[in-house]
Amino acid sequence: MPYRSPVAEIRFILDQVVPLAPVAATEMFAEATGDTVEAILTEAGRLCDEVMAPLNRNGDLTPARLENGVVRSSPGFKEGYQAIAEGGWVAIAAPQEFGGMGLPQTLCVAVNDLMSGACLSLQLNPLLTQGQIEALEHHASDEIKELYLPKLISGEWSGTMNLTEPQAGSDVGALRTKAEPLGDGTYAVTGQKIFISWGDSDVTANICHLVLARLPDAAPGTKGISLFMVPKFIPDANGNPGVANSLKVVSLEHKMGLHGSPTCVMAFDGATGWMVGEPGKGMAAMFTMMNNARLAVGVQGIGIAEGAYQKALEYAQERVQFAPIIEHADVRRMLAEMKAEVFAARSIALACAVALDMGRATGNDDWAARAALLTPIAKAYGTDIGMWVAEQGVQVHGGMGFIEETGAAQFYRDVRVTAIYEGTNGIQAMDLVGRKMMDQGRAAFRLLQEVEDEAKAARTVLPDLAEDVWAAAETLREATEVLLAQGMQDRFAGAVPYLRAFARVLGAHYHLRAAIAAGADSARAKLAAVYIRRLLPQYAAALAEAREGAEGLYALSVEDLSA
Ligand SMILES: Cc1cc2nc3c(=O)[nH]c(=O)nc-3n(C[C@H](O)[C@H](O)[C@H](O)COP(=O)(O)OP(=O)(O)OC[C@H]3O[C@@H](n4cnc5c(N)ncnc54)[C@H](O)[C@@H]3O)c2cc1C
């Protein structure tokens with residue numbers, strides 16, 4: 001059975017678990033009625049099932065290639081991209097003023113989930129454009145907005161993000177690309193960027209690079225970084241692609257997976273660029289794009305997990321070893337836990353998106369703080385479970401999982417990078433315990449209070465499950481208090497397990513909501529029991545590790561590690 005977009009599942013979550021209704025009740029998003037949501041998800045689902053999913057294998061078997069300095073996409077990708085653009089799917093959350101649909105980010109996240117499960121390599125292209133649109137919307141001059149936004153929103157042109165250089169990965173502040181003012185409002189951008197996703201392709205007429213670079217007298221570190229729009233073709237007087245800019249693709253990376261997405265080494269040689277935002281404020285502007293992309297990458301993990309789960313479920317019913325393998329307890333365990341993880345991660349990502357929309361529509365800082373808190377959790381947990389579910393998917397297939405033609409291995413290889421790009425999951429966890437706790441944990445405690453209150457109220461309906469969720473939230477609250485009293489080095493040493501514990505508690509919270517909405521005897525309640533009884537207890541081990549701090553790690557010297 002081919003991939004089927006989980007439209008009904010997302011509808012259920014948006015109706016019952018992380019309601020979209022409050023978003024649709026705002027003036028800004030009044031158009032996001034139930035009918036609109038249904039129509040959007042159904043249409044997007046059809047595109048994913050019929051157009052994108054059949055391309056997934058092409059990308060893996062016939063990677064994008066560099067030919068005479070131009071990237072040629074995998075077979076069918078150009079037509080697939082055109083179908084995405086023509087359907088208006090590049091930017092459903094983009095402003096109507098520039099041709100977007102102006103719908104909530106939550107719907108964009110839901111559509112990205114469907115698309116990621118269908119064909120991750122191709123989906124990465126519009127994902128980057130969406131982030132660029134948001135960055136331009138908030139930081140660019142009116143002139144740049146008017147020239148670029150309509151073309152990006154329609155999908156005629158695509159966007160990239162250019163941060164990474166050989167010496168500047170997680171430490172973006174180490175970047176060396178230079179931007180010299182030319183005196184006419186433009187800049188000459190010179191430097192090398194590596195790992196640039198969709199840095200070139202034949203699927204769009206122009207490629208708009210957002211490049212981080214330094215002005216000649218810039219301060220060292222991130223404070224000295226500015227942001228520039230550097231198009232592949234400089235727009236002519238009519239706004240159409242004109243002369244070629246001084247930039248080129250030097251080579252494409254040979255990767256473990258995600259072969260359909262060209263990952264480019266880019267050389268900018270005095271390329272003409274226009275500043276976006278203010279001098280020295282490039283990181284702040286780029287962060288708009290990165291925050292958008294962080295949630296979107298978390299959703300990539302969830303989409304892949306969905307695809308891997310569907311494939312494993314089908315195989316487990318067909319494969320007979322004594323009995324259909326789905327009848328064996330260990331296979332049943334794997335499938336049940338895979339499904340439970342996908343639901344939990346999807347609910348967290350959608351909760352983050354709803355908080356973003358509510359923040360925008362109401363101007364209420366509490367919503368914005370919630371979105372900021374949930375972003376690193378959604379990114380790291382979504383991609384962690386993407387990897388875990390894909391790995392379990394291989395295991396369910398037994399030896400056939402290791403054989404490429406089943407496709408189980410492709411999910412596993414493709415999803416691996418999602419825990420690395422857009423800030424590694426380690427960096428996400430440090431963001432959670434560092435910047436996102438600068439409010440003394442206010443946003444975290446507010447969320448945990450809601451989890452506890454709901455769990456208390458659920459005691460009459462599902463006493464066992466509710467009690468476990470309440471106890472886990474209470475322990476996480478105490479652990480958060482301990483964390484806030486720690487120095488940064490100790491916090492960072494425990495950041496990854498702390499984030500995982502947080503995600504476990506939130507996952508249990510949303511499972512409990514689903515169980516209550518569907519009824520104590522429902523399949524939802526049984527799935528919630530799988531999560532809460534079998535997976536939630538991992539929070540305790542994670543918090544034990546988080547509380548340990550850094551000392552024990554450094555007690556083991558580099559020499560000890562090398563012995
Ligand atoms: C397929 C692919 C596509 C990509 N697409 C893009 C793109 O479109 N645009 C773009 O600009 N970049 C892109 N990247 C780059 C990506 O964002 C970086 O690889 C990532 O940010 C990590 O940087 P790095 O590879 O230099 O690893 P490093 O920064 O060297 O990290 C190595 C390890 O050290 C850890 N580490 C580093 N610093 C710290 C710290 N301060 N504290 C704790 N741990 C730390 C990391 O978590 C990691 O585990 C892409 C990468 C890949 C592989």
Only residues that are closer than 12 Å to ALA349 by Cα and in contact with an Asp or Glu (Cβ under 9 Å, 6 or more places away or on another chain): list them for segment 10-27, please.
ILE10
Regarding segment 287-303, can at least one residue be identified that is at pLDDT below 95, open to solvent by 10 Å² or more (accessible area, probe 1.4 Å) and closer than 30 Å to GLY183 by Cβ?
yes
Filter result for the condition that a residue is within 30 Å of ALA525 (Cα to Cα) and either touching a Lys or Arg at 6+ places or on another chain (Cβ under 8 Å) or open to solvent by less than 10 Å² (accessible area, probe 1.4 Å) (or both), over VAL71, VAL90, VAL111, VAL7:
VAL111
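Within segment 225-235, identify whether any single residue is open to solvent by 30 Å² or more (accessible area, probe 1.4 Å) and either within 13 Å of the ligand (Cβ to nearest atom) or among the hydrophobic types (A, V, I, L, M, F, W, C) (or both), and answer yes or no.
Going residue by residue through segment 225-235, those that are open to solvent by 30 Å² or more (accessible area, probe 1.4 Å) are 232-234.
Next cut, either within 13 Å of the ligand (Cβ to nearest atom) or among the hydrophobic types (A, V, I, L, M, F, W, C) (or both) only: 233-234.
Checking segment 225-235: at least one residue is open to solvent by 30 Å² or more (accessible area, probe 1.4 Å) and either within 13 Å of the ligand (Cβ to nearest atom) or among the hydrophobic types (A, V, I, L, M, F, W, C) (or both).
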Segment 423-448, residues that are among the charged types (D, E, K, R), open to solvent by less than 40 Å² (accessible area, probe 1.4 Å) and more than 12 Å from the ligand (Cβ to nearest atom)
LYS436
Only residues that are more than 11 Å from the ligand (Cβ to nearest atom) and without any contact (Cβ under 8 Å) to a residue 60 or more places away in the chain: list them for segment 405-422, please.
GLU405, ALA409
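In segment 430-467, how many are under 29 Å from the mean Cα position of the chain (by Cα) and either of a type outside the set (A, V, I, L, M) or not in a helix (DSSP H, G or I) (or both)?
15
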Can you tell me which residues in segment 242-270 are among the hydrophobic types (A, V, I, L, M, F, W, C) and within 16 Å of the ligand (Cβ to nearest atom)?
LEU247, VAL249, VAL250, LEU252, MET256, LEU258, CYS264, VAL265, MET266, ALA267, PHE268
Does at least one position in segment 382-399 carry a residue that is within 16 Å of the ligand (Cβ to nearest atom), part of a helix (DSSP H, G or I) and open to solvent by 50 Å² or more (accessible area, probe 1.4 Å)?
no
Only one residue in GLY99, GLY76, GLY80 is without any contact (Cβ under 8 Å) to a residue 60 or more places away in the chain, open to solvent by 40 Å² or more (accessible area, probe 1.4 Å) and in contact with a Pro (Cβ under 9 Å, 6 or more places away or on another chain), so which one is that?
GLY99
List, please: which pairs have Cβ atoms under 9 Å, are six or more places apart or on different chains, and start with a residue in segment 252-269 that is without any contact (Cβ under 8 Å) to a residue 60 or more places away in the chain and end with one that is more than 8 Å from the ligand (Cβ to nearest atom) and among the aliphatic types (A, V, I, L, M)?
GLU253/VAL265
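Restricting to segment 156-182, give me the number of residues that are over 18 Å from LEU215 (Cβ atoms), within 12 Å of the ligand (Cβ to nearest atom) and outside any loop (DSSP other than H, G, I, E, B).
Step one: list which residues in segment 156-182 are over 18 Å from LEU215 (Cβ atoms), which gives 156-161, 164, 166-167, 169-171.
Add one more test, that the residue is within 12 Å of the ligand (Cβ to nearest atom), and what stays is 158-161, 164, 166-167, 169-171.
Then keep just the ones that are outside any loop (DSSP other than H, G, I, E, B); that gives 158-161.
Adding up the residues that qualify gives 4.
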Does any residue of segment 508-524 turn out to be away from the ligand (no atom under 16 Å from the Cβ) and touching a His at 6+ places or on another chain (Cβ under 9 Å)?
yes
Filter segment 183-209 for residues that are in a loop (DSSP other than H, G, I, E, B), touching a residue at least 12 places away in the same chain (Cβ under 8 Å) and more than 17 Å from PRO235 (Cβ to Cβ); which is most open to solvent (accessible area, probe 1.4 Å)?
ASP202
In segment 467-500, the residues that are touching a residue at least 60 places away in the same chain (Cβ under 8 Å) and open to solvent by 60 Å² or more (accessible area, probe 1.4 Å):
VAL482, GLN489, PHE492, ARG500
Evaluation of PHE343 against (1) touching a residue at least 40 places away in the same chain (Cβ under 8 Å); (2) within 23 Å of THR222 (Cβ to Cβ); (3) among the aromatic types (Phe, Trp, Tyr); (4) not in a strand (DSSP E or B) (one fails), failing number
(2)
Check segment 146-155 and report whether any residue there is crowded, with 23+ Cβ neighbours inside 10 Å and either closer than 28 Å to GLY221 by Cβ or within 13 Å of the ligand (Cβ to nearest atom) (or both).
no
Counting only helices (runs of 4 or more DSSP H) wholly inside segment 470-539, the ones holding at least 3 residues that are closer than 27 Å to ALA371 by Cβ, modelled with pLDDT of 95 or more and β-branched (Val, Ile, Thr) are 495-518
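Residue by residue through segment 114-139, note down the ones that are of a type in the set (A, V, I, L, M, F, W, C) and open to solvent by 10 Å² or more (accessible area, probe 1.4 Å).
The first filter runs over segment 114-139 and keeps only residues of a type in the set (A, V, I, L, M, F, W, C), leaving 114-115, 118-120, 122, 124, 127-128, 133, 135-136.
Once the filter is applied, which keeps residues that are of a type in the set (A, V, I, L, M, F, W, C) and open to solvent by 10 Å² or more (accessible area, probe 1.4 Å), segment 114-139 yields only LEU128.
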Return yes or no: is GLY239 part of a loop (DSSP other than H, G, I, E, B), more than 10 Å from the ligand (Cβ to nearest atom), touching a residue at least 60 places away in the same chain (Cβ under 8 Å) and not aromatic (Phe, Trp, Tyr)?
yes
Would a scan of segment 456-470 turn up a residue that is within 16 Å of the ligand (Cβ to nearest atom) and farther than 28 Å from MET338 by Cβ?
no
Hey, THR36 surrounded by 15 or more Cβ atoms within 10 Å (Cβ to Cβ), assigned to a helix (DSSP H, G or I), among the hydroxyl-bearing types (Ser, Thr, Tyr) and in contact (Cβ under 8 Å) with a residue 12 or more places away in the chain or not:
yes
Candidates MET387, MET400, filtered to the one that is in contact (Cβ under 8 Å) with a residue 24 or more places away in the chain and under 20 Å from ALA296 (Cα atoms)
MET387
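The values are calculated or read from the model by the stated rules, or taken from the named source; none is laboratory data. Model, not experiment: these values are computed from the prediction. Glycine also receives a Cβ, built like all others from the backbone with ideal geometry; neighbour counts cover every protein chain displayed. Accessible surface is based on the protein model in full, side chains and every heavy atom, while ligands, DNA and RNA are left aside. Shrake-Rupley method; radii C 1.70, N 1.55, O 1.52, S 1.80 Å.
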